[in-house]
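Quick notes on the structure that follows.
The values are calculated or read from the model by the stated rules, or taken from the named source; none is laboratory data. Bear in mind that the values here come from a model prediction, so they are computed numbers and not experimental data. Cβ sites come from the backbone with ideal geometry, for glycine too, and all protein chains shown count toward neighbours.
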Amino acid sequence: MIDSHCHIGLNSVDITELLRRANFAGVKTVLSVACHLPEYPALLRLLDTYPMLYGSLGIHPEYSGTYTTNEDLIKKITAHPHIVGVGEIGLDYHYMAESKAIQQSAFECQIEVAHSVQKPIIIHTREADEDTIAILESADRSGLLRYGGVLHCFTGTQRLAEKALELGFYISASGIITFKMTDDIRDVFKMIPCNRLLVETDSPYLAPVPYRSKINEPAYVIETAKKLAELKEISLEELDHITTSNFIHLFKIKEEGLYAD
């Protein structure tokens with residue numbers, strides 16, 4: 001099993017012990033996401049210390065006002081072979097609607113960065129479906145989505161999911177699909193083809209049932225995977241195989257032992 005999106009190192013949890021628990025639970029690979037430049041040095045230390053980790057770097061919409069130049073971000077992304085994606089990037093209008101223009105500019109610039117470094121994008125989108133679609137369609141017309149991407153922690157509409165699938169994107173399920181009152185999100189995941197699915201924790205946030213109210217961690221991705229397998233009417237083992245293969249193909253992972261048959 002792979003936790004395709006988490007934020008390790010954002011609290012005082014012992015990372016070695018956290019990853020030991022993940023490994024014991026059957027999670028063999030974790031993608032840790034840095035959401036702004038101050039997190040970058042810690043990400044590099046993690047990648048140099050723990051072989052099971054991969055990383056990504058991007059400027060989250062919350063920090064879009066800090067975005068400076070493409071060149072600086074390109075230099076950091078290409079500095080380590082285990083940085084495999086650009087993100088999370090995107091739009092969030094839930095708390096930050098007043099910064100729409102700034103968010104959109106940072107999003108568009110980072111799509112260009114991802115194209116230049118030949119890596120997929122990891123998209124955060126919240127209450128911004130139509131603008132996300134518009135920016136992605138424009139980028140696609142400009143040939144900037146060649147390396148694909150994923151809508152992480154998906155909570156959007158079926159229209160957004162369908163557009164992402166048209167563009168060749170993956171869609172990732174978080175612990176939200178285990179929550180009460182999220183039938184609409186579960187219904188969207190029922191229609192997403194298995195070959196476009198990923199599974200994640202987004203830890204330390206959004207712990208799935210039965211760990212609600214606890215600090216989330218990569219080991220808990222198993223609970224989200226169980227729910228997703230139930231929705232897709234397949235076994236957990238089959239879902240593990242599928243989502244592992246999807247992760248490998250999206251992020252171009254080359255290490256022996258990660259490849260699915």
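The condition (being part of a loop (DSSP other than H, G, I, E, B), buried (at least 16 other Cβ atoms within 10 Å of the Cβ), under 17 Å from the mean Cα position of the chain (by Cα) and of a type outside the set (Gly, Ala, Ser)) is satisfied by just one residue among Leu145, Leu91, Leu136: Leu145.
Against the definition (under 14 Å from the mean Cα position of the chain (by Cα) and part of a helix (DSSP H, G or I)), how does Thr243 come out, yes or no? For Thr243, the condition - under 14 Å from the mean Cα position of the chain (by Cα) and part of a helix (DSSP H, G or I) - is met. Take the residues in region 29-58 that are exposed (fewer than 15 other Cβ atoms within 10 Å of the Cβ) and of a type in the set (D, E, K, R), then tell me which one is farthest from Val13 (Cα to Cα). Within region 29-58, the match that is farthest from Val13 (Cα to Cα) is Asp48.
Annotation: Leu160 fulfils all but one of (1) over 18 Å from Gly85 (Cα atoms); (2) aliphatic (A, V, I, L, M); (3) out of contact with any strand residue (DSSP E or B) (no Cβ under 8 Å at 6 or more places or on another chain); the unmet one is (3). Taking the condition closer than 17 Å to Leu145 by Cα and either under 14 Å from the mean Cα position of the chain (by Cα) or not in a loop (DSSP other than H, G, I, E, B) (or both), does Ala114 pass? Answer is yes for this residue.
Residues that are in contact with a His (Cβ under 8 Å, 6 or more places away or on another chain) and assigned to a loop (DSSP other than H, G, I, E, B) within region 1-60 comprise Cys35, His36, Ile59, His60, listed in sequence order. Residues in region 61-88 that are in a loop (DSSP other than H, G, I, E, B) and touching a helix residue (DSSP H, G or I) at 6+ places or on another chain (Cβ under 6 Å): Tyr67, Thr78, His80, His82.
So that you can scan it fast, the table gives a plain yes or no per residue for (1) closer than 16 Å to Phe107 by Cβ; (2) out of contact with any Asp or Glu (no Cβ under 8 Å at 6 or more places or on another chain):
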| position | (1), (2) |
| --- | --- |
| Glu137 | yes, yes |
| Val150 | yes, yes |
| Gly156 | yes, no |
| Gly168 | no, yes |
| Ser174 | no, no |
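Just one residue in the set Pro61, Pro81 is at pLDDT 95 or above and crowded, with 20+ Cβ neighbours inside 10 Å; that residue is Pro61.
Taking region 94-116 as the range and being among the β-branched types (Val, Ile, Thr) and surrounded by fewer than 18 Cβ atoms within 10 Å (Cβ to Cβ) as the test, only Ile102 passes. Taking the criterion of being assigned to a helix (DSSP H, G or I) and closer than 18 Å to His7 by Cβ, no residue of region 94-107 qualifies.
If the condition is being buried (at least 23 other Cβ atoms within 10 Å of the Cβ) and assigned to a strand (DSSP E or B), then region 117-129 contributes Ile121, Ile122, Ile123, His124, Thr125.
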